[in-house]
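See below for the structure under consideration.
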Amino acid sequence: MAAMTLKKRLQEMYRLLHDTFGPQGWWPGETPFEVALGAILTQNTNWRNVARVIEGLKAEGSLDPLVLGEIPEAELAQRFRSAGYYNIKARRVKNFLDFFAGRFGSSMEKMAEADWQNLRSDLLGLHGIGPETADSILLYALHKPTFVVDAYTFRILSRHGLAADPCAYEELRQLFMDRLPPEVPLYQEFHALLVRIGKEFCRPQPRCAGCPLENWPEAGA
DNA sequence: GACCAGGCACATC
DNA sequence: GATGTGCATGGT
């Protein structure tokens, strides 16, 4: 039997997940700005904790780039508390807001008109915006055809032998983009489905299964 | 109490 | 370039 090409395997994976779970309708967020803000706040953090922050901002009417821009960084940090890493995230959001205001007049519509490949480079140049955050903003807030790679993507693809472990972000991103048509709904749904099974099934543990020291007692235990 | 959650920057070698 | 570490809350 001929080995299935990587492209075929990706297509099959998507079809199976989509048939099983249906469209996920990502990203949760009512406006493009809300999506962009959420992308920064959810860095290495459970979405539930981020949702709390966003609901709080909505409640006080500050879920707006111009309003947030007027809030001092220290006070912003307090509003971000439940999302964790709140001091760092306040700084990162400020950096994004400054760029967003200076370059696009705090307009997501204007931002969406920019050449997205150049925009991606600019976002990556901001302190606090790494590849996953940049791609999340581009794909889900601005609807640009770039693939989002996250911890779930790494784990799932490496466990199923589709990617090396470890594997660089850009390498995995290209693995998808070189083999799938650059369609925004496809990229959005595929990533959302990977997160879905990552949360439900592809858990981090057991991390050391098969190691002869797997059940070795800790020193002092 | 340990582990985990939709990263990123920075120091060090 | 690879590796280790700080950042922090809240759920299981």
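So that you can scan it fast, the table gives a plain yes or no per residue for (1) assigned to a helix (DSSP H, G or I); (2) surrounded by 12 or more Cβ atoms within 10 Å (Cβ to Cβ):
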site	(1), (2)
A:Leu57	yes, yes
A:Leu68	yes, yes
A:Lys94	yes, yes
A:Gly102	yes, no
A:Asp122	yes, yes
A:Ile129	no, yes
A:Glu132	yes, yes
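Taking the condition of a type in the set (Asp, Glu) and either more than 22 Å from A:Leu138 (Cα to Cα) or surrounded by fewer than 16 Cβ atoms within 10 Å (Cβ to Cβ) (or both), does A:Glu34 pass?
The answer is no for A:Glu34.
Between a residue in the stretch A:28-56 that is within 13 Å of DNA strand C (Cβ to nearest atom) and any residue that is of a type in the set (Phe, Trp, Tyr), which pairs come within a Cβ distance under 6 Å, given they are 6 or more apart or on different chains?
Matching pairs, first to second residue: A:Val53/A:Phe80.
Those residues that are loosely packed, with under 11 Cβ neighbours inside 10 Å and outside any helix (DSSP H, G or I), I need them from the stretch A:37-55; list them, please.
Residue satisfying the conditions is A:Asn44 alone.
Only residues in the stretch A:161-178 that are outside any loop (DSSP other than H, G, I, E, B) and of a type outside the set (A, V, I, L, M) count as the first member; pair them with residues that are within 11 Å of DNA strand C (Cβ to nearest atom) and modelled with pLDDT of 95 or more, Cβ under 9 angstrom, at least 6 apart or cross-chain, and list the lot.
A:Tyr169/A:Gly130
Only one of A:Asp122, A:Asp115, A:Asp64 is within 13 Å of DNA strand B (Cβ to nearest atom), over 17 Å from A:Thr42 (Cα atoms), in the same structural domain as A:Asn44 (by TED's automatic domain parsing) and not aromatic (Phe, Trp, Tyr); which? Step through it out loud before you land on a result.
Details: A:Asp115 fails: within 13 Å of DNA strand B (Cβ to nearest atom); A:Asp64 fails: within 13 Å of DNA strand B (Cβ to nearest atom).
Just a single option satisfies the conditions, and that option is A:Asp122.
Report, ordered by the first and then the second residue, all pairs with beta carbons closer than 8 Å, sequence separation of six or more or different chains, a first member in the stretch A:75-88 that is among the basic types (Lys, Arg), and a second member that is more than 9 Å from DNA strand B (Cβ to nearest atom).
A:Arg79/A:Val53; A:Arg79/A:Gly56; A:Arg79/A:Leu57; A:Arg79/A:Ser62; A:Arg79/A:Ile71; A:Arg81/A:Val53
The values are calculated or read from the model by the stated rules, or taken from the named source; none is laboratory data. Small disclaimer: the values here were computed from a predicted structure and weren't measured. Quick reminder, even Gly has a Cβ in these numbers, built from the backbone with ideal geometry, and neighbours come from all protein chains shown.
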